[in-house]
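So the structure is just underneath, and the comments pick up after that.
The values are calculated or read from the model by the stated rules, or taken from the named source; none is laboratory data. For clarity, every value in this text was computed on a predicted model and none was experimentally measured. Positions of Cβ are backbone-derived with ideal geometry, glycine not excepted, and every protein chain shown enters the neighbour counts.
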Amino acid sequence: MAHHVKEMPWGRSRVGSYGDAMHLLDGAGRHTATATHHWVEHLRVPDLSVGTYSLPAGGTDPQQPHTEDEIYVCTGGRATLWTPTGSVPMSAGSVAFVPAGEEHRFIDIQEDFTVVVIFGPAEGTRAR
């Protein structure tokens, strides 16, 4: 069986194309925040997308509600996930769900903060 190698948008090569084979999401969960860059997408297929969202200690989270459901898996740092219905502390190992359309943001970012974000379906694929 012949395989082709596809250059992925994050600079890594793998056999196959999106969604047709298992592969490692290299770099997922590593803190990458800079003054202007907080988001790195690692995978996009029709039913989900996965990326890393990083915020520096003392930073401000500018995100707006998304049209897709989200799972946040914290890989490092400490912050509070705020929604109009409540707040929860997040640290390494914490996992939280935010439904599509719910206002939310990370506040009180006490240490460089990093989460792996899983969108279902893929981020930006549902109409507003």
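At-a-glance table
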| item | result |
| --- | --- |
| Odd one out for Pro65, checked against (1) surrounded by 15 or more Cβ atoms within 10 Å (Cβ to Cβ); (2) on the phi > 0 side of the Ramachandran plot; (3) not in a strand (DSSP E or B) | (2) |
| Residue count, the range 82-103 (criterion: buried (at least 18 other Cβ atoms within 10 Å of the Cβ) and within 14 Å of the chain's Cα centre (by Cα)) | 1 |
| The range 104-126, subset under 12 Å from Pro46 (Cβ atoms) and assigned to a strand (DSSP E or B), residue farthest from the chain's Cα centre (by Cα) | Gly120 |
| Matching residues in the range 82-103 - criterion: being farther than 16 Å from Phe119 by Cβ and part of a loop (DSSP other than H, G, I, E, B) | Pro84, Thr85, Ala92, Gly93, Ser94, Glu103 |
| So Val73, is it without any contact (Cβ under 8 Å) to a residue 60 or more places away in the chain, under 16 Å from the mean Cα position of the chain (by Cα) and under 30 Å from Asp20 (Cα atoms) | yes |
| Hits in the range 1-51 - residues which are modelled with pLDDT under 80, among the polar types (S, T, N, Q) and assigned to a strand (DSSP E or B) | Ser13 |
| Residue in the range 74-81 that is part of a strand (DSSP E or B), at pLDDT 90 or above and surrounded by fewer than 13 Cβ atoms within 10 Å (Cβ to Cβ) present | no |
| Count - residues of the range 119-128 that are at pLDDT 90 or above, surrounded by fewer than 20 Cβ atoms within 10 Å (Cβ to Cβ) and closer than 17 Å to Glu103 by Cα | 1 |
